[in-house]
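Trainee: Mind having a look at this structure? Questions to follow.
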Amino acid sequence: MSETQIPQSVTYQLLQEQFPGLNLSEAQGLLIALLCGESHDYFHNWLVEIEHIRFDEAELNQEILKILYEKTLAELNSEDFNLSLLLPEEPLEQRIEGFIKWCHGFSYGFGLSNELYEALDEDGRDYIRYIIEFSGLEQEQVVDELADEEDYLALEELIEFVRVGALMLYYHLKGRDREEVVVEEGTPQIH
């Protein structure tokens, strides 16, 4: 049996090709929401919940999902605020779809626990309301409204708002004195 070799740097497109029945933007949104909660086995819980957002029965490469899990967790725990939302860079239509799917995954995952929402302050609750609103957007409508470069920059500002909001929510719910999970050295990273 040969080991799966994963390059040190993998693009979204290449990674998504490995999971034709799963939108990875949505899966990462779900993961981050789950990581905001309490669990003894976040990775296992994520795999269980992925089954509810998949649209085929193909076997999932758990090794790659584990790397994505560890990368996301390390970014959330980084003091550099370097969380990267797993979204396609282009074309624009796919980037918008990824953004909407990420928000859907996050709102789905966050909705699994009433205690999480109750633990939020008003700013956190507003953030969740925005995420739910974004998850209900229609891709075609957003593409039609992005007529020029200024509109495209507004989309990028929304993505940044969601990224920073996810970090702030995580920090708020976990507390600054949270126990950080260390990614093992030598684990291939997805960039």
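Trainee: State which stretch of the chain is the longest one without any exposed chymotrypsin sites (Phe, Trp or Tyr not before Pro), exposure meaning a DSSP loop state and at most 15 other Cβ atoms within 10 Å.
Mentor: Value returned for the longest uninterrupted segment is 82-191.
Trainee: Provide the gained length on full extension for the span Glu59 to Leu14, in nm with one decimal, where the gain is 0.36 nm per separating residue minus the Cα-Cα distance.
Mentor: 14.5 nm
Trainee: Now a separate question. Taking a cut-off of 13 Å between Cα atoms, list the aspartates and glutamates near Lys101, but don't count ones fewer than 8 places away on the same chain.
Mentor: Here the aspartates and glutamates satisfying the reach criterion relative to Lys101 are Glu26, Glu93, Glu133, Glu138.
Trainee: Also, quick follow-up: With charges only on Cβ, +1 for K and R and -1 for D and E, what is the dipole size of the chain about its Cα centre, in debye, rounded to 20?
Mentor: 580
Trainee: Cα gyration tensor of the range 12-175, axes a ≥ b ≥ c as square roots of the eigenvalues: rounded (a/c below 1.5), prolate (a/b > b/c) or oblate?
Mentor: Cα axes put the range 12-175 in the oblate bin.
Where a number appears in this text, it was derived from the coordinates with a stated rule and is not lab data. Predicted, not measured: the structure shown is a model, and the values here were computed from it. When we count neighbours, we look across all protein chains shown, and the Cβ atoms used for this are built from the backbone with ideal geometry, even at glycine.
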